[in-house]
1. With the Cα gyration tensor of the range 115-250 giving a ≥ b ≥ c as the square roots of its eigenvalues, does the rule (a/c under 1.5 for rounded; else a/b larger than b/c for prolate; else oblate) give rounded, prolate or oblate?
2. Taking the Cβ-Cβ separation of T50 and T120 as r and a Förster radius of 22 Å, what is the calculated FRET efficiency to the nearest 0.05?
3. Loop-only check: which trypsin sites (Lys or Arg not before Pro) in the range 140-245 are DSSP coil with at most 13 other Cβ within 10 angstrom?
4. Going down the table (K102/K211; K161/K211; K102/K246; K85/K211), which pairs top 27 Å between alpha carbons?
5. Sort out the exposed loop GluC sites (Glu not before Pro) in the chain (DSSP loop, at most 11 other Cβ within 10 Å) and tell me the longest stretch that has none.
6. Going toward the positive end of the dipole of the range 107-217, with +1 on Lys and Arg Cβ and -1 on Asp and Glu Cβ, which of L152, A141, M121 do you reach last?
7. Less than 15 Å Cβ to Cβ from W173, Lys/Arg counted +1 and Asp/Glu -1: what total charge do the surrounding residues give?
8. Any idea how far apart R27 and I163 come out in nm if each label point goes 7 Å out from Cα toward Cβ?
Amino acid sequence: MTNPCVCALQSASKLSTSANLTVASLRVNYSNQGLDETQLTPDPIALFSTWFDQARSAQEHEPNAMCLSTADESGRPSARMVLLKAFDQRGFVWYTNYQSRKASNLSRNPFASLTFWWPTMERSVRIEGPVVRVPVEESDAYFHSRPPSSRLGAIVSDQSKEIKNRQLLELRWQELQDAHLDDDGQLTRPIERPSHWGGYRLIPDRIEFWKGRSARLHDRIVYQRDLPELSDHNLDQLAKLQWATKRLQP
Ligand SMILES: Cc1cc2nc3c(=O)[nH]c(=O)nc-3n(C[C@H](O)[C@H](O)[C@H](O)COP(=O)(O)O)c2cc1C
């Protein structure tokens, strides 16, 4: 008699072999439009700004979505997507829950990496550096610019903590809505930013621009600089620091 477990394993392995063959054959050829040294700006924030605008014009889906990588105190990495909400000479800002897994990582190991991927443009950008919390006034201003439902969403979720079922979350959500919104979704009382929700700013000391090229001979240009001891007071001075660039092999 055929053992059903063996049969199941055999068909699972056949499936994974054919799926893997298909995965292995997936391949996109990039165009030959490149990134050369003549396109570089003295500071990489200006070049990022140009690439970001071009990604928006190319109608990339959520061009501000970026993969945020952190590591815990033992060096174990974890990565997740977040949305870029501001950038300038002081750094790159996103908002989240200060009690989440990423926040726990950052409290013990305050360095992170951000990766953007804009497939239509065949471009990627990697940004690395130390991370600080944004000042509370900045978090307040952004929090109050969000629609009421997003503000309540920030309150309702103990992000990254276990919850027994979704109904509990929806119950909490309904209670908060009843307490803050009328039947037309209009606010009946102010929604304060919870202290466990706010922004982080990554202060870049390394930014790599990647452009896909044909035959896998991609362009990679990296900007690097040394950062001084950081405080809220000297962030505005960062624009004066010089960046060095070099080309990396693909
Ligand atoms: C496109 C996209 C954008 C996201 N943006 C955010 C964000 O801005 N802030 C956030 O806290 N989570 C965001 N999330 C959810 C996170 O990826 C993640 O699930 C959540 O932050 C919990 O991560 P953690 O447990 O590692 O802290 C986003 C997810 C996706 C797919």
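Any read-out appearing in this document is the output of simple, stated calculations on the displayed coordinates, not a laboratory observation. From a predicted model like this one, the values you see are computed outputs, not experimental measurements. Every residue, glycine among them, receives a Cβ derived from its backbone with ideal geometry; neighbour counts consider all protein chains shown.
1. Taking the square roots of the gyration eigenvalues as a ≥ b ≥ c, the range 115-250 is prolate.
2. In this case the efficiency is close to 0.90.
3. K161, K164
4. From K102/K211; K161/K211; K102/K246; K85/K211, over 27 Å: K102/K211; K161/K211; K102/K246.
5. Counting only loop sites that pass the neighbour cut-off, the longest clear stretch is 74-161.
6. After comparing all options, I get M121.
7. Net charge in that neighbourhood comes out at -1.
8. The modelled label-to-label distance comes out at 4.5 nm.
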